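Heads up, the thing below is written out as structure tokens.
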Amino acid sequence: MLAATALTDAPMADLIDRHRPAMTALAREVFAVADRRGIGLQEFDAFDPGPFRQGADATERDAAVDRLTAWLRTQPKHRSGIWRDLAAPPPRRGHHALRRRHLVRRPAGPVHHSAAGGHGGAR
């Protein structure tokens, strides 16, 4: 969901809230790949993967989105690291800027690879 919100300048919470069906379908698809591959998913911050899985109760899923978006709205950063990677201009030639490794290269690459029957995890 964070990668999906990186393509626009609106805050993550607003985009997730406004596009709930698409965001929850995206999470459900990625989690189905994780389940098929035997990759365990863990809760973190205000995110619980359980309500986003295939067959989960819609009321629980809506409550999970409510909790996630409410928490995101309390955070000082309203956009993802992927958004920041896309928005930041590359360092000028000859300048040595301290920059973290970009997440933009292929954020969904491991999911696509795994869904197609490939082996291995994130690269």
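P11 sits among other residues whose Cβ lies under 12 Å from its own Cβ, and their net charge, with Lys and Arg +1 and Asp and Glu -1, is +1.
With charges only on Cβ, +1 for K and R and -1 for D and E, what is the dipole size of the range 1-85 about its Cα centre, in debye, rounded to 20?
With Lys and Arg at +1 and Asp and Glu at -1, about 200 debye.
Per-residue surface analysis assigns E29 an accessible area of about 130 Å², computed on protein heavy atoms at 1.4 Å probe radius.
The values are calculated or read from the model by the stated rules, or taken from the named source; none is laboratory data. As the structure is a computational prediction, the values presented were derived from the model and not from experiment. As a convention, Cβ positions derive from the backbone with ideal geometry for all residues, glycine included, and neighbour counts pool all protein chains shown. For the accessible areas, the whole protein counts, side chains as well, though only heavy atoms, and no ligand, DNA or RNA atoms are used. Shrake-Rupley method; radii C 1.70, N 1.55, O 1.52, S 1.80 Å.
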